[in-house]
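Working notes, structure below.
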Amino acid sequence: MSDTILELQPLSPLLLRDGRPFASGGEESRAQSLPLPLPHTLAGFVRTQMGEGRGLNWRGLSDEALRRALRDLHATPIRALPLRDDRFMFPAPLNAVVDKSGQIYRALPAEPRPGEGTDLPKGLRPLLLQDRDGNEPGDAFKPDGGYSYWPQDAMQDWLLGRVPEGLENISGPPLEERTHVAMNSETGTGDEGRLFTVSYRSFEERRKGAYHRWTLRVKTDLGGDLAPLGHLGGERRPVALQDRGNRDQWPNLGQFGAVRDALADSKHTRLFFVLTSPALFAGGWKPGWLGLSQEEARRHDGSGLPAGIRELMSGDVHLVGAAVGRRIPVSGWNLHTGQPKAVRWAVPAGSVYFLEVNGQFDRQALLNAWLKPLSDEQDDQRDGFGCALWGVWK
């Protein structure tokens, strides 16, 4: 089945809970919102809309035919990226630091000088800042905030080991705070004195006199009709869906031609990947598949491993550095048990992992892993956890 590209346009601000406790009018009186839906939230929404389009009767869970249909929907891979004004936006790599003047510094693995040492795990090197000319910053400085999303051209420079110029400060869909009054369930009136605040994400903004619109682009191989209007996130806010067919509506390697050529060149033995969506790894912050030895990778049949990883690890690849952000909670509601799911901790989007290759491997397999998920579990891969871009470093 060929890939299908979907466009998702929120029609009102979304509440995308970040996992922190909240009870309206209780001790925790502020509900925070993530910039974008977590992968499993978005995957569940898209699969629901596909099921609605197929006319599935969600309440008849005892029907074996419905169970099979649900399994088919759940087995479908979902990947997503945000757009701003029809331009793909990528989470900023966490090894990039921007000062108040807009100058960008790059953090790369470095060998400690004589007499220096670290308490990092064996094999990992500290990351040191350098400017576009390879010089370390002269003085300590406080990084500037807000550079949370990068456009495609800036990300391509970064993947090639270059520092982009003229980076725009884009922090993502803007926050919109609203204060509410808790309701008394018995009287149906407001409960005086019990106020709470909700932070929503608006997918429209006016900035410096210009109007900007955010949307979500989803790539899947689900076929058939889909319900054109659904509800996403807390408070079930409306979202419109449009099927854009299987046209070239996704950032493939053809649009990153210089990156493709660099990855295919065997002389580049230093590779890195940057996560475009949160990842769930067996090792917490570290992918479980990085523990495979060269010989284990060669004997592995590839089942269960992310795309291209068996071939990559057979080239004797080692992790030498990482820029990893603060973990984020991933939970949800189990409809079968009627209870919340156990919390898992994900590595945030933008995290960067630096690798060194000591042998030869199938470079085409690495190219085939472009923007595909690197999480360890297959269910998490299908939900779109851990999608990544690949690049080279010097």
ask   = TRP333 to TRP285: FRET efficiency via 1/(1 + (r/R0)^6), r the Cβ-Cβ distance, R0 30 Å, to the nearest 0.05?
value = 0.70
Farthest toward positive dipole pole in the range 272-368 [+1 Lys/Arg, -1 Asp/Glu at C-beta], among VAL343, TRP285, HIS300 = VAL343
note = Among THR76, THR269, THR179, the residue with the largest mean-square fluctuation in a Gaussian network model of the chain built from Cα contacts under 10 Å is THR179
task = For the range 224-234, just list the computed ³J(HN,Hα) in residue order, Karplus coefficients 6.51, -1.76 and 1.60, θ = phi - 60°, integers in Hz, with x standing in for Gly and Pro.
result = x, 6, 9, 5, x, 9, x, 10, 10, x, x
query = Based on DSSP H runs of at least 4 residues, each adding -39500 (n - 2.57), what is the mean residue ellipticity at 222 nm of the chain after dividing by all its residues, to the nearest 500 deg cm²/dmol?
reply = -4500 deg cm²/dmol
task = For LYS394, go through the lysines and keep the ones whose alpha-carbon is under 20 Å away, minus same-chain ones fewer than eight residues off.
result = LYS267
ask   = What FRET efficiency do you get for THR269 and LYS100 if R0 is 41 Å and r is their Cβ-Cβ distance, rounded to the nearest 0.05?
value = 0.70
task = Show me 370-383, 339-352 ranked by packing, highest mean number of other Cβ atoms within 10 Å first.
result = 370-383, 339-352
key: Label point distance in nm, LYS122-ALA210, each placed 7 Å from Cα along Cα→Cβ   = 5.2 nm
ask   = What's the FRET efficiency of ASP3 with GLN378 using the Cβ-Cβ distance as r and R₀ = 25 Å, to the nearest 0.05?
value = 0.85
key: Lys/Arg +1, Asp/Glu -1 at C-beta; the range 60-165 dipole; positive extreme among PRO109, VAL163, LEU73   = LEU73
Residue-wise HN-Hα coupling along the range 38-49, computed from phi with Karplus coefficients 6.51, -1.76, 1.60 (Hz; x: Gly, Pro) = 5, x, 5, 5, 5, 4, x, 5, 5, 5, 4, 5
query = Based on Cβ point charges of +1 for Lys and Arg and -1 for Asp and Glu, what charge dipole magnitude is obtained for the range 272-313 about its Cα centre, in debye rounded to the nearest 20?
reply = 80 debye
remark   = Interchain or sequence-distant (5+) residues whose placed amide H lies within less than 5 Å of the amide H of LEU34 are LEU16, ARG17, ASP18
note = Going through LYS100/LYS372; LYS122/LYS219; LYS100/LYS219; LYS100/LYS208; LYS142/LYS208 one by one, the pairs whose alpha carbons sit over 27 Å apart turn out to be LYS100/LYS372; LYS122/LYS219; LYS100/LYS219
Net charge dipole size for the chain [Lys, Arg +1 and Asp, Glu -1 on Cβ; Debye, nearest 20] = 200 debye
message = Please report the equivalent ellipsoid semi-axes of the chain, computed as sqrt(5 x eigenvalue) of the Cα gyration tensor, largest first, in whole Å.
response = 36, 27, 21
query = Quick one: Karplus J couplings for the range 276-289, per residue in order, coefficients 6.51, -1.76, 1.60, θ = phi - 60°, nearest Hz, x for Gly and Pro?
reply = 9, 8, x, 10, 10, 10, 5, x, x, 7, 10, x, x, 5
task = Starting from the Cα gyration tensor of the range 97-170, take the square roots of the eigenvalues, sort them a ≥ b ≥ c, and report rounded, prolate or oblate (rounded when a/c is under 1.5, otherwise prolate if a/b is larger than b/c, else oblate).
result = prolate
request  = Quick one: go through the range 315-348 and flag any residue whose amide nitrogen is under 18 Å from the point 7 Å out along the Cα-to-Cβ line of ASP362.
outcome  = 315-317
note = Sorted by chain and then number, the residues having a modelled amide H within less than 5 Å of the amide H of LEU232, at least 5 places away or on another chain, are ARG237, VAL239
Distance between modelled label sites at GLU168 and GLN130, nm, 7 Å Cα→Cβ extension = 3.1 nm
message = Along the charge dipole of the chain, pointing to its positive end and built from +1/-1 on Cβ of Lys, Arg, Asp and Glu, which listed residue (LEU271, PRO173, TRP333) has its Cα farthest out?
response = TRP333
key: Other-chain or far-sequence residues with amide H under 5 Å of ARG244's (modelled H)   = ILE5, LEU6, GLU7
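Only the coordinates and a few stated rules stand behind these numbers; no lab work does. Keep in mind that what you see is a predicted model, and the values were worked out from it rather than measured. Every residue, glycine as well, gets a Cβ built from its backbone with ideal geometry; the counts of neighbours run over all protein chains shown.
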